[in-house]
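J.: Below is one structure. I have some questions about it.
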Amino acid sequence: MTGPVRSTIERTGYLVAVIAVLAFGAYEGIQREAISLDLYWVIVRIITIDAVTATVVFSTLVTMSGLLLAREVYSERNRAERVLEGPRITAIVPAYQDAPVISESVETLLASNYSNIDISIIVEPDDEPTLSVAREYSEHPDVQVLVNRDPGSKAGAINDAVARLDADYFAVFDADERIDPEFVSIAIHYLTNNDVDVFQARRVPRVTGPVEALAYCERLLFHAGYKLVEPLGFTYCRSSSSAFTREAFEAVDGLDDLLTEDLDFAHKCFRAGLSVHQSRNITNEMEAPHTLWDLWGQRKRWRLGHIEVFLKAITSGYERGGLRGALSTLRIISSLAASVFLVALSAKVVVLLLLELELIFLLPFVAIGLTVIPILIHDVRQGHVLEISPALALVPLVYPAFGLLTIRSAFEYFLSWDGEWYRVEKVGA
């Protein structure tokens, strides 16, 4: 099959699939439903339509997740949960074409309030500009530069660094991250005193414009969504803004070379029964995409990676199965299915407007506002959001965009993806 034919099939299939999901959502939305409430002395029977029920359930879940996230983000840091002096921890900073931004991570790590930290910048062998900047930082006694012996991926760089470095505790950060000065001291407390295997903080895109605002809101809603599954025992951990023990890293055989090695790492940790702790009252910053094309390309890469992890799960690509393996696979499937459901839900919400049910129609927008506004106020005060952009009003579009990305990525993965992945330009903003 030639490239143009494959591309035509891919785009046509994507368009047909989106129309089909929207049509299904609209059709389901107008179906009548009967809800019975047994109040002991009387039975109340309510006749409604599916669009009302789906919208109320969605709005309730969004509000709950937002309240749970706000509670964690606003929680005070316990001074007892810090270790200012203790065992050595090595901060690994994989860098590729990151010469303009590597100062963000290195300089904020050097400002850490933990006394026993060293920094290892691991650079690809063919990236002379980044290697040159990294060598300037290596003049500091706590900074060293490594050249990746397994070039080509972030996973390979981190695996190579852990194998070469003599440390029992590690933290990993992207080159463009600005790290909270208390991150390491709190992470060490959990790793050494609380029997935690992996420690994770919140990471948000820096808001400096309208596109960056959309990226920020998308991450915020993702963090809120995580709060709904964490009570079930699944806690996400990433290959950035995270700390872990050597023992934990070796227990899951390090990182696999996938598009989203961090998502895969989270599922490997869950399957292995490792203890993962999230502290979202600690916030690191990352550079956000600066154009809509970059935003779409980066998020599509992440969804391609999600599909890759899904295929790994259903083809027995993970060593550990059992109940945790089944729950892990179910989590991956439910995440993909839920994102597609959001496209159908958008059609149901439109049905409410067409039927002049304005009060119910507004419910999801109110729920999204209750989720975003408290966290936004917090992050403005903390300096993570530098500009209140009108683009923040577009945040409800993030939800159907999840589904559109998933559908688009599925067609691309199976029809045209050649293994290449989209890289966002970073300029140090």
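The values are calculated or read from the model by the stated rules, or taken from the named source; none is laboratory data. Keep in mind that this is a model prediction, so the values were computed, not measured. In this analysis, Cβ positions are derived from the backbone assuming ideal geometry, glycine residues included, and neighbour counts consider all displayed protein chains. For accessibility, only protein heavy atoms count, side chains too; no ligands or nucleic acids. Shrake-Rupley method; radii C 1.70, N 1.55, O 1.52, S 1.80 Å.
J.: Taking the condition of being under 21 Å from Met286 (Cα atoms), touching a strand residue (DSSP E or B) at 6+ places or on another chain (Cβ under 7 Å) and among the polar types (S, T, N, Q), how many residues in the stretch 102-139 meet it?
T.: 4
J.: Moving on to the next point. Under 6 Å by Cβ, and 6 or more places apart or on different chains, what pairs join a residue from the stretch 388-403 that is farther than 15 Å from Trp296 by Cα and in contact (Cβ under 8 Å) with a residue 12 or more places away in the chain with one that is open to solvent by less than 30 Å² (accessible area, probe 1.4 Å) and in a helix (DSSP H, G or I)?
T.: Pairs found: Ser389/Ala213; Ala391/Ala213; Leu392/Ala213; Pro396/Ile368.
J.: Go through the stretch 63-97 and give me each residue that's open to solvent by less than 10 Å² (accessible area, probe 1.4 Å), more than 18 Å from Phe183 (Cβ to Cβ) and of a type outside the set (Ser, Thr, Tyr).
T.: Answer for the stretch 63-97, where residues must be open to solvent by less than 10 Å² (accessible area, probe 1.4 Å), more than 18 Å from Phe183 (Cβ to Cβ) and of a type outside the set (Ser, Thr, Tyr): Gly66, Leu69, Ala95.
J.: May I ask you to verify whether Asp166 is free of Cβ contacts under 8 Å to residues at least 12 places away in the same chain, touching a Ser or Thr at 6+ places or on another chain (Cβ under 9 Å) and within 27 Å of Val276 (Cα to Cα)?
T.: yes
J.: Now for a different question. Report yes if Val83 is within 24 Å of Gln382 (Cα to Cα) and under 23 Å from the mean Cα position of the chain (by Cα), otherwise no.
T.: no
J.: Where the second residue is surrounded by 20 or more Cβ atoms within 10 Å (Cβ to Cβ) and among the basic types (Lys, Arg) and the first is within 12 Å of Asp294 (Cα to Cα) and touching a residue at least 60 places away in the same chain (Cβ under 8 Å) and lies in the stretch 210-224, which pairs have Cβ atoms under 7 Å and are six or more apart or on separate chains?
T.: As it stands, the answer is Glu212/Arg206, since those pairs meet every condition given.
J.: Go through the stretch 211-221 and report how many residues are under 15 Å from Ala70 (Cβ atoms) and among the aromatic types (Phe, Trp, Tyr).
T.: 0
J.: State all residues of the stretch 99-126 that are open to solvent by 10 Å² or more (accessible area, probe 1.4 Å) and either over 17 Å from Ser241 (Cα atoms) or in a helix (DSSP H, G or I) (or both); if no residue qualifies, say none.
T.: Ala99, Pro100, Ser103, Glu104, Glu107, Thr108, Leu110, Ser115, Asn116, Glu124, Pro125, Asp126
J.: For the stretch 64-98: of the residues being touching an Asp or Glu at 6+ places or on another chain (Cβ under 8 Å), farther than 20 Å from Tyr190 by Cβ and among the hydrophobic types (A, V, I, L, M, F, W, C), which is modelled with the highest pLDDT?
T.: Out of the qualifying residues, it is Val93.
J.: Same structure, new question: Tell me, which helices (runs of 4 or more DSSP H) wholly within the stretch 310-429 include 3 or more residues that are modelled with pLDDT of 90 or more and surrounded by fewer than 14 Cβ atoms within 10 Å (Cβ to Cβ)?
T.: In the stretch 310-429, 322-354, 358-381 are the helices (runs of 4 or more DSSP H) which contain 3 or more residues that are modelled with pLDDT of 90 or more and surrounded by fewer than 14 Cβ atoms within 10 Å (Cβ to Cβ).
J.: Follow-up. Tyr27 versus (1) modelled with pLDDT of 95 or more; (2) part of a helix (DSSP H, G or I): which is the lone unmet condition?
T.: All conditions pass for Tyr27, except number (1).
J.: For the list (1) open to solvent by less than 60 Å² (accessible area, probe 1.4 Å); (2) at pLDDT below 95; (3) touching a Leu at 6+ places or on another chain (Cβ under 7 Å), I need the number of the one condition that Ile9 fails.
T.: (1)
J.: Name the helices (runs of 4 or more DSSP H) wholly within the stretch 206-308 that hold at least 3 residues that are over 27 Å from Ala391 (Cα atoms) and modelled with pLDDT of 90 or more?
T.: Filter on the stretch 206-308 gives 246-251, 261-271.
J.: Out of the stretch 193-213, which residues are under 20 Å from Glu182 (Cβ atoms) and hydrophobic (A, V, I, L, M, F, W, C)?
T.: Val196, Val198, Phe199, Ala201, Val204
J.: While we're looking at this one, here's another question. Between a first residue in the stretch 46-66 that is on the phi < 0 side of the Ramachandran plot and in a strand (DSSP E or B) and a second residue that is surrounded by fewer than 16 Cβ atoms within 10 Å (Cβ to Cβ) and of a type in the set (Lys, Arg), which pairs have beta carbons less than 6 Å apart while being 6 or more apart in sequence or on different chains?
T.: Listed by first residue and then by second, the contacts come to Ile49/Arg32.
J.: Quickly run through the stretch 127-171 and pick out the residues that are in a strand (DSSP E or B) and among the hydroxyl-bearing types (Ser, Thr, Tyr).
T.: Tyr169
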